[in-house]
Amino acid sequence: MPASTSPSPHGPSRRALLRATVAGVGLAALAACRSAADTATAGAGGSAGPRRGGTLTVAAAVDFTPALLFSQSANTLIHRLVFNTLTRYDDQLRPQPELATSWQLAADGLSITLKLRDDVHFHSGRQFTADDVVFAVKNLQDASRAAQLRSTAATVTDFRKNGDHELTLVLAHPVSNLFDLFEFMIITDPGTVADALAGKQLVGTGPFRFTGRNPGASLSLSRNPQYWRPDRPYLDAVEIRIIPQGDSLLSSLRTGQSQLTYDLAGKDAAALKSSPDYRIQQYATGAGAVYIGADVTAPQLADKRVRQAIAWAVDRDRLVQQALGGYGLASAAPWPKSSPAYTDANASHYTHNPDKARQLLKDAGVGGLSLPFAHANTPGSTAIAQILQYDLKQVGIDTVLQPTDTATMQKQLIAQSMPALWTLSHSFAQAHPATLAVSAYPFNEAKNTSHFSSPAYTELVRSAWQRADSDGPQAQALYQRVTDTLLEEEFVIDLAIAGLIEVSTAKVRGATLNRYSYLNLDDAYLTA
């Protein structure tokens, strides 16, 4: 029998919301999905209410990669502009309706029934139906899509339709992160997926239509007049400009060439903080964690004491201040403060202790190390790599920096072909804790970039994942045991949770991001 739980007057738990039939939740709740604390005065451009019209210009440091449309790559801004998802988390990780209006999770966690909107059409004019959800799930099950949540999608073993707008998904076993999948999985038009992966056309149900792309330079979108949300979006058009250079990105904001960005370096954002002409907001979920990855099959790194030595060698506080401009949290664990798995003790498990690092290297019988060290060839990533190179040298580890373009690094991450050491930032700690170790390439228990394998790690991860209940003492204990393993093995050496900073001109209102950094401009507008 399906379980149904009524929300309490004091607010429902996440578990209750997952199991309850959720219907009639106001769409206004969707606009506040990611918590952001406003750190600047609104300044000029105050408005009595939303204003229709205008073109919003968004600056991005990294170009959209069509071939990685179904994975979380370096630029996912376009995903929620052209497409929709089934559900969307609020600030407490409670799912809210989007294309799914309500759902019923079976008491045993082995099926979920979704009721879908019946007033949604693709940009082509075709009506959205349950068949499109079936396609979306099967699409992510395809290994060639390189979708990080493929493992969760693969638990769906059967689809049972009840008309065009009701669908039951049958699962091989319960999963605690099912709604992570529903927020991650964009609903695409099946007939145009090949063109989408080639960057020729993108056809979804979202608030904007894709109108053009100039690779390496820009993407253009126009308002979808048949959008299913009444009177939305307010904007007439969106232009995404690709500006990889930090100085140029800052200049584009100052000159009015762009009005919104999430890619400004912390030190540059700090330069605008006191000006009433700009708004700076920081999201509690962070922009992912800066880390050092270690290939455990490299002979010099096979002993975990060497990897632990690297963890003790890094001055995380200096990294946050100098490379992240103070926007971030020094942390030895992958979890942002918004995560159910976060604790202060885990975050401070490794601190800057060069003497301890040297002793561990001595105990491991290692000396005179020289290792290749890959990093993205962007100014921010280069600054991080140089700080890490200095810290490692102080304990006797020499590194040879290998600057690499971002797209190549992403492909190497997926293909598990990184050198002995690399530094990047990872995501997937900002939603359900189980998602990190079954979905993120650096952590995946079945196949990760570090080539780390452990039956104990696999058992822990699957115990945290293969359960319908994601709350309560048992779940929390499992999250802690997973974290303990990560801190002990250090095949991923977490350094800091980078601040996710939204910088806009004072006239921009209503822009939000979901948990996977999909930009939502349904309610965005430009003041007069």
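The values are calculated or read from the model by the stated rules, or taken from the named source; none is laboratory data. Note that the structure is predicted; figures quoted are calculated from it, not measured. Every residue, glycine as well, gets a Cβ built from its backbone with ideal geometry; the counts of neighbours run over all protein chains shown. Heavy atoms of the whole protein, side chains included, go into the accessibility calculation; ligands, DNA and RNA do not. Shrake-Rupley method; radii C 1.70, N 1.55, O 1.52, S 1.80 Å.
Roughly speaking, what is the stretch gain from SER144 to ALA194, that is 0.36 nm per residue apart minus the C-alpha to C-alpha distance, in nm to one decimal?
Working: separation 50, 0.36 × 50 = 18.00 nm, distance 1.23 nm.
Gain on extension, SER144 to ALA194, equals 16.8 nm.
Give, in nm to one decimal, the length gained when the segment between ASP471 and ASP317 is fully stretched (0.36 nm per residue of separation minus the Cα-Cα distance). Before the final figure, lay out each step's value.
Numbers: separation 154, 0.36 × 154 = 55.44 nm, distance 3.20 nm.
That works out to 52.2 nm of additional length.
Quick check on my link table: of LYS200/LYS411; LYS161/LYS447; LYS138/LYS447, which ones sit more than 31 Å apart, alpha carbon to alpha carbon? Can you show the working numbers first?
Details: LYS200/LYS411 21 Å; LYS161/LYS447 34 Å; LYS138/LYS447 21 Å.
In this structure, LYS161/LYS447 exceed 31 Å between Cα atoms.
So what is the relative contact order of the chain, in percent, for Cα pairs below 8 Å that sit 6 or more residues apart? Mind dumping the intermediate values first?
Numbers: 1219 pairs, mean separation 117.6, N = 528.
In percent, rounded to a whole number, it is 22.
Cα centroids of the range 66-145 and the range 333-355: how far apart, whole angstrom?
First find each Cα centre; the distance between them is then 33 Å.
Compute the length gained on full extension between THR211 and ARG305: take 0.36 nm times their separation in residues and subtract their Cα-Cα distance, giving the result in nm to one decimal. List each step's numbers first, then the result.
On the way: separation 94, 0.36 × 94 = 33.84 nm, distance 5.30 nm.
Taking THR211 through ARG305 to full extension adds about 28.5 nm, to one decimal.
Only four residue types carry charge here, +1 at the Cβ of Lys and Arg and -1 at the Cβ of Asp and Glu. Report the dipole size of the chain about the Cα centre in Debye, rounded to the nearest 20. Intermediate values should be presented prior to the final figure.
On the way: 46 positive and 47 negative charges, 114 e Å.
Value, rounded to 20: 540 debye.
What distance in nm separates the two pseudo spin-label positions at THR297 and SER454, each 7 Å out from Cα along the beta-carbon direction?
1.9
What FRET efficiency comes out for the pair SER370/ASP405, r = Cβ-Cβ distance, R0 = 30 Å, nearest 0.05?
0.80
Given R₀ = 41 Å, FRET efficiency for ASP91-GLN394 by Cβ-Cβ distance, to 0.05?
That gives a FRET efficiency of 0.50.
Got the relative contact order for the range 111-171 handy, in percent, Cα pairs under 8 Å and 6 or more residues apart? Walk me through the numbers before you get to the answer.
Working: 79 pairs, mean separation 25.4, N = 61.
Relative CO of the range 111-171 lands at 42 percent.
Enter the Cα centre distance for the pair the range 263-317 and the range 403-474, rounded to the nearest angstrom.
The distance from the Cα centre of the range 263-317 to that of the range 403-474 comes to 17 Å.
At what distance in nm do the modelled label points of PHE159 and THR255 sit from each other, each positioned 7 Å from its Cα along Cα→Cβ?
Between PHE159 and THR255, the simple spin-label model gives 4.8 nm.
Using label points projected 7 Å from each Cα along Cα→Cβ, tell me how many nm separate SER124 and THR382, to one decimal.
4.4
Which of rounded, prolate, oblate describes the range 259-393, given a ≥ b ≥ c as roots of the alpha-carbon gyration tensor eigenvalues and a/c under 1.5 marking rounded, otherwise prolate only if a/b is larger than b/c?
On the way: a/c = 2.46, a/b = 1.85, b/c = 1.33.
Prolate shape, in that a/c is at least 1.5 and a/b is the bigger ratio.
In straight Cα distance, which lysines are under 28 Å from LYS507, not counting same-chain residues fewer than 8 positions off?
Counting by Cα, and skipping residues close in sequence, LYS507 has these lysines nearby: LYS267, LYS273.
Compute the Cα gyration tensor for the range 339-402, then decide on rounded, prolate or oblate, letting a ≥ b ≥ c be the square roots of its eigenvalues: rounded whenever a/c is under 1.5, prolate when a/b is larger than b/c in the other cases, and oblate in all that remain.
Values: a/c = 2.43, a/b = 1.07, b/c = 2.27.
Since a/c reaches 1.5 but b/c is at least a/b, the shape of the range 339-402 is classed as oblate.
Given only helices, namely DSSP H runs of n ≥ 4 each adding -39500 (n - 2.57), what is the per-residue ellipticity at 222 nm of the chain, to the nearest 500 deg cm²/dmol? Could you put the intermediate results ahead of the total?
Working: 16 runs with 140 residues, N = 528.
When only DSSP H runs of four or more count, the value is -7500 deg cm²/dmol.
May I ask you to give the percent of accessible area on the chain that is carbon plus sulfur, with a probe radius of 1.4 Å? Present the calculation step by step, with values, prior to reporting the outcome.
On the way: 9570 of 19410 Å².
Roughly 49 percent, rounded to a whole number.
Once you have a ≥ b ≥ c as the square roots of the Cα gyration tensor eigenvalues for the range 47-137, tell me rounded if a/c is under 1.5, and otherwise prolate or oblate according to whether a/b is larger than b/c. Show your work: numbers first, answer last.
Working: a/c = 1.64, a/b = 1.47, b/c = 1.12.
Prolate is the answer for the range 47-137, as a/c is 1.5 or above and a/b outweighs b/c.
Please give the per residue accessible area of the chain, computed with a probe of 1.4 Å over protein heavy atoms only, in Å². Kindly include the intermediate steps, with their values, before the conclusion.
Numbers: 19410 Å² over 528 residues.
Heavy-atom SASA per residue in the chain reads 37 Å².
Using the Cα centre as the reference, give the magnitude of the dipole from point charges on the C-beta atoms of the range 141-284 (Lys, Arg: +1; Asp, Glu: -1; all else neutral), rounded to the nearest 20 debye. Before the final figure, lay out the partial values.
On the way: 15 positive and 15 negative charges, 45 e Å.
So the dipole magnitude of the range 141-284 works out to roughly 220 debye.
If you put +1 on each Lys and Arg Cβ and -1 on each Asp and Glu Cβ, how big is the dipole of the range 250-370 around its Cα centre, in Debye rounded to 20?
Numbers: 13 positive and 10 negative charges, 22 e Å.
Its charge dipole is roughly 100 debye.
Just checking my list (i) 175; (ii) 209; (iii) 138 against volume of the Cα convex hull per residue in Å³ computed from this structure; which label fits?
(iii)
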